[in-house]
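See structure below.
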């Protein structure tokens, strides 16, 4: 640690890592509901998502009223993680970190993050269809890796008070019990937080999203976790202050250069192009870019710009509206004809292709600016962390898609998994077609800002990926 960092005091704040045995157990619902419960009581809550995720943060931002960032020891890096949590702890009353998959899944996993930062662990377990086995799962999670700091366990999707009692009695360590939540559903049995092929439906797509969170927060308020006093000594037993963590400052990151100074980057942002990390926007601004947002679905034209970023999202759900915006299509074609840069990421790349065939065999036109035919798949076609080697070092990110692209475009590079060498047919191709760079690869811009500047046409002074 350098001298300047050592002079910055640690920031102390109650914090929890919310995890489970697997995906689909209720981590996102519990995290958002817990944030909503405390926000309603006037506390400043900051939420972070462990690992890459575009959809859960929409719910967390709605619940907390604050921006949500990803934290991952590989993709975002430990320095970035420590800096963000220290900054949050300096301003917030409570920090919640939602894990990814199960507690020990992945390399690095959520347990690695909890151990590295001293985060108390709260496990939410789907207890439907079990009784004493709940205690075995809780015991296994607690003791699988010695040294983790445990807050407790909460049973989810519980059938009755009697069922909750059986679950509580099955715990070898009764002090871990933080309560039970019944399955909270919409009328007709529909899920309160519905999903689709890439994850949860985004909160902004539901008019009653906040009311849905309030229903779970109301139920959570009656549990031992919801009834726990905030201040030490305010009642018998533990308080939230028992889960305080001292977040030390991070070593200062390498300064970002003004590689996009004086340049305007147009960013598509709406329900079709919503997979945007807030940290990526911050990174563009830190490089000096002026951001001009526009909505293809609303019929917007392309703003005056030097470069265009088409993020991922759900263009396949909005084919008719995108095809109808022929003025924007012509604007982008003119932009490319002038040699101005385009970075098209996953769904953004799909929108530029010629046509898309869905899982029912129906084919629809796309913007036709890239040679290629997109075919939707019933199963995942790409998933996991990825890295792309550039002239300036490694650009980190990930991939997650249910489609494949048939194209004659030549590859300009290929991403690969961490710890593996790039191989033909593995990872994600980086295509170059005129001034367009396109890939299924979702980049974490702060991992290599200078490469992003080059993708956005910053010129030879910023290098070329």
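The values are calculated or read from the model by the stated rules, or taken from the named source; none is laboratory data. Remember, it's a predicted structure, so these values are computed and weren't measured experimentally. Quick reminder, even Gly has a Cβ in these numbers, built from the backbone with ideal geometry, and neighbours come from all protein chains shown.
Condition first: surrounded by fewer than 21 Cβ atoms within 10 Å (Cβ to Cβ), under 21 Å from residue 90 (Cα atoms) and touching a strand residue (DSSP E or B) at 6+ places or on another chain (Cβ under 8 Å). Now tell me which residues in segment 21-64 satisfy that. Passing the criteria: 39, 43, 44, 61. Looking at segment 141-173, which of its residues are modelled with pLDDT of 95 or more, surrounded by fewer than 14 Cβ atoms within 10 Å (Cβ to Cβ) and over 18 Å from residue 130 (Cβ atoms)? Within segment 141-173, 143, 144 meet the criteria.
Scanning segment 301-340 for residues that are touching a helix residue (DSSP H, G or I) at 6+ places or on another chain (Cβ under 7 Å), buried (at least 17 other Cβ atoms within 10 Å of the Cβ) and outside any helix (DSSP H, G or I) returns 302, 308, 310, 311, 312, 313, 314. Of all residues in segment 286-298, at least one satisfies being under 25 Å from residue 58 (Cα atoms), in contact (Cβ under 8 Å) with a residue 24 or more places away in the chain and assigned to a helix (DSSP H, G or I). Scanning segment 397-418 for residues that are part of a loop (DSSP other than H, G, I, E, B) and under 16 Å from residue 72 (Cα atoms) turns up 417, 418.
So that you can scan it fast, the table gives a plain yes or no per residue for (1) closer than 30 Å to residue 363 by Cβ; (2) touching a helix residue (DSSP H, G or I) at 6+ places or on another chain (Cβ under 7 Å); (3) buried (at least 20 other Cβ atoms within 10 Å of the Cβ); (4) modelled with pLDDT of 90 or more:
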| site | (1), (2), (3), (4) |
| --- | --- |
| 403 | yes, yes, yes, yes |
| 407 | yes, no, no, yes |
| 432 | yes, no, no, yes |
| 439 | yes, yes, yes, yes |
| 454 | no, yes, yes, yes |
| 457 | no, no, yes, yes |
| 462 | no, yes, yes, no |
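In this entry, residue 246 passes the filter for residues that are under 25 Å from the mean Cα position of the chain (by Cα) and in contact (Cβ under 8 Å) with a residue 24 or more places away in the chain.
Looking only at segment 190-213, decide whether some residue is assigned to a loop (DSSP other than H, G, I, E, B) and at pLDDT 90 or above. Taking every residue of segment 190-213 in turn, none turns out to be assigned to a loop (DSSP other than H, G, I, E, B) and at pLDDT 90 or above.
Scanning segment 368-396 for residues that are loosely packed, with under 15 Cβ neighbours inside 10 Å and assigned to a strand (DSSP E or B) turns up 383, 384, 393, 394.
Screening residue 241 on (1) without any contact (Cβ under 8 Å) to a residue 40 or more places away in the chain; (2) surrounded by fewer than 19 Cβ atoms within 10 Å (Cβ to Cβ); (3) outside any strand (DSSP E or B) shows it passes everything except condition (1).
A quick yes/no check of all residues on (1) free of Cβ contacts under 8 Å to residues at least 24 places away in the same chain; (2) surrounded by fewer than 14 Cβ atoms within 10 Å (Cβ to Cβ); (3) farther than 30 Å from residue 183 by Cβ:
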| residue | (1), (2), (3) |
| --- | --- |
| 220 | no, no, no |
| 225 | no, no, no |
| 229 | yes, no, no |
| 250 | no, no, yes |
| 254 | yes, yes, yes |
| 257 | no, no, yes |
